[in-house]
1. Can you spot a residue in region 128-143 that is under 25 Å from Ser476 (Cβ atoms) and more than 26 Å from the chain's Cα centre (by Cα)?
2. Tally time: how many residues in region 260-302 are outside any loop (DSSP other than H, G, I, E, B) and either more than 10 Å from the ligand (Cβ to nearest atom) or closer than 16 Å to His428 by Cα (or both)?
3. Before we move on, is Val32 within 15 Å of the ligand (Cβ to nearest atom), modelled with pLDDT of 95 or more, more than 26 Å from Leu137 (Cα to Cα) and not in a loop (DSSP other than H, G, I, E, B)?
4. Given the conditions (1) surrounded by 15 or more Cβ atoms within 10 Å (Cβ to Cβ); (2) touching a strand residue (DSSP E or B) at 6+ places or on another chain (Cβ under 9 Å); (3) not small (Gly, Ala, Ser), and given that Pro143 satisfies all but one, which numbered condition is not satisfied?
5. Listed residues Val91, Val99; which is β-branched (Val, Ile, Thr), under 21 Å from the mean Cα position of the chain (by Cα) and on the phi < 0 side of the Ramachandran plot?
6. Out of region 299-340, which residues are touching a strand residue (DSSP E or B) at 6+ places or on another chain (Cβ under 7 Å) and of a type in the set (Lys, Arg)?
7. Please list, ordered by residue number, the strands (runs of 3 or more DSSP E) wholly in region 336-433 having 2 or more residues that are surrounded by fewer than 21 Cβ atoms within 10 Å (Cβ to Cβ) and within 16 Å of the ligand (Cβ to nearest atom).
Amino acid sequence: MEHAWDVIVIGAGVAGLTSAALLAAEGARVLVLERHTLVGGCASFFQRQGYRFDVGATVAGGFGARGIHRRLFAHLGTSLPATRLEPAMHVHLPGTTIVRWGDERWIAERRRHFGVESEPFWQQQERIADAAWRLALHTPAVPHDLLGIRTTLQAVSVRDIPLLLRCLGRSLASIVPTDRLLRRFIDAQLLITAQASAAATDLVYGATALDLAREGVFHLPDGIATIATTLARAVQHRGGKIRYRSEVVAITLDQREHANGVVLHDGTRYEARQIISALPIRETLACLPASTNLTLRRRVAQRQSGWGAFTAYVGLPAGTVPDDFPLHHQIIDDIEGPLGEGRSLFLSFSAMHEQRRARNGGRAVTISTHTDPRRWQRAYADGTYETERAALGERLLAGLERILPGSRACADLIEFATPHTFARYTGHTDGAVGGYPQRPWQAHLTAFSHRSGIAGLALCGDTVFPGQSTVGVSLSGIIAARACGARVKLDTSSV
Ligand SMILES: Cc1cc2nc3c(=O)[nH]c(=O)nc-3n(C[C@H](O)[C@H](O)[C@H](O)COP(=O)(O)OP(=O)(O)OC[C@H]3O[C@@H](n4cnc5c(N)ncnc54)[C@H](O)[C@@H]3O)c2cc1C
């Protein structure tokens, strides 16, 4: 064994870095192993010809009064200059654009588009979300025994218990009125926050996901990767180490089947008292002997894999984007039919005068659509990969033209990424990203938890509770750090 550490964290995405920073802050000797040359994973960046692009995630939440990032950074003795964006985004549907305000202007906007008759739905959505946020303040884990259930119940405000119990096992669609425009709007918003439509999304998860704008969408200097780079600095500041180009291929167990180390692709071994895997759960299981964790393996095998992402990165020179152009847009092609595969897009622009994200006053744009990763495996196998990439790329650029006519012709740079690209850069071998869709009976209490079933091995990341987003995975990182002995109690005094 080359070294002995208190904790080894596998993967320097936001989840792993959250755990590592919290444990290092308590004096643990922490080693983070990352296969890539940068931190951040799906919330990272890359640079090309003077532009700095967010690779996947672009919308930063979690910096409001009850936001997990703001409270986590305060706990770590650092902060980020996050500026709230109003509106959070523009949602372009056929024939209309809905402005997603996060403040009281949202009430007038939703009445204008969906009528006063939709008010009971919005009020119920906000009541459920408020109850969930109040519970999330206590950073609860999925309970696995009577003590855990008691701790969770103690964290729930008494007045919220009947409401949350009534939501159990129901989908968000069970409270959405039948209005077509409203249903389409909700389905599109949930696709980017819960990875599924209203009919397939758990009610509590969906109501909370729809609260993104009300909780606050923020602009971060240098893009969303600033969350990971700030956490990485916090790890190193407290003596933790991050090793790059270090792909973990095996997690080793001692005779009692207690995790005690890892092996890298080049055969290097490291040992530690505890391991945290921040990889997708399938990738973690692939690092363990096939005879272990049979129950978890069965549960994972039954779970349908999530979506992949197809993205375009466009560098636009100065003068192409109006100064006051909103930074985030969702575009939906049709009022009915499936979403994803170019029929629904998400576009994010770097802000004006962000010199480090775009040279000479230009803008770095990330455009994404949900896509089935299996489609790209088939295309690769039958030789149609390039043609399909070009065709879907055209749809993304057509979306950019729709909200910014003439921009495509001015572009300095256009690049595309498929689920294959995401697999190569993030190590999600099947190209699926963003965790599992948050279905009823597969979300919160019934999600995969931080417990791996193997002593000394905790899990975090977007395939375990509470799920996708930098906010979600930070909570999972806090829970994993706590499982390894960190005493994390985030401040709630300003809430
Ligand atoms: C296109 C797209 C758009 C998104 N939009 C948003 C958004 O706007 N807002 C938002 O909050 N969230 C968004 N998300 C979701 C969010 O990015 C993720 O949920 C979150 O970043 C996942 O973090 P993680 O730490 O769990 O995993 P990852 O980010 O996947 O990090 C895992 C890390 O582990 C490393 N790794 C993998 N295998 C190994 C190995 N064997 N050994 C060592 N290291 C390894 C990877 O290189 C990576 O750095 C988006 C995701 C995508 C793909």
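1. No: zero hits.
2. Residues flagged as outside any loop (DSSP other than H, G, I, E, B) and either more than 10 Å from the ligand (Cβ to nearest atom) or closer than 16 Å to His428 by Cα (or both) within region 260-302 amount to 27.
3. Judged against the criteria, Val32 is a match.
4. (2)
5. Val91
6. none
7. Where strands (runs of 3 or more DSSP E) fall fully within region 336-433 and carry at least 2 residues being surrounded by fewer than 21 Cβ atoms within 10 Å (Cβ to Cβ) and within 16 Å of the ligand (Cβ to nearest atom), they are 413-417.
Residue by residue, here is whether (1) more than 30 Å from Val488 (Cα to Cα); (2) assigned to a helix (DSSP H, G or I); (3) touching a Leu at 6+ places or on another chain (Cβ under 8 Å) holds:
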| position | (1), (2), (3) |
| --- | --- |
| Arg52 | yes, no, no |
| Gly56 | no, no, no |
| Ala65 | no, no, no |
| Phe73 | no, yes, yes |
| Ser79 | no, no, no |
| Val91 | yes, no, no |
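The values are calculated or read from the model by the stated rules, or taken from the named source; none is laboratory data. Given the structure is predicted, the values throughout are model-derived calculations rather than measurements. Note: ideal-geometry Cβ built from the backbone for every residue, glycine included; neighbour counts use all protein chains shown.
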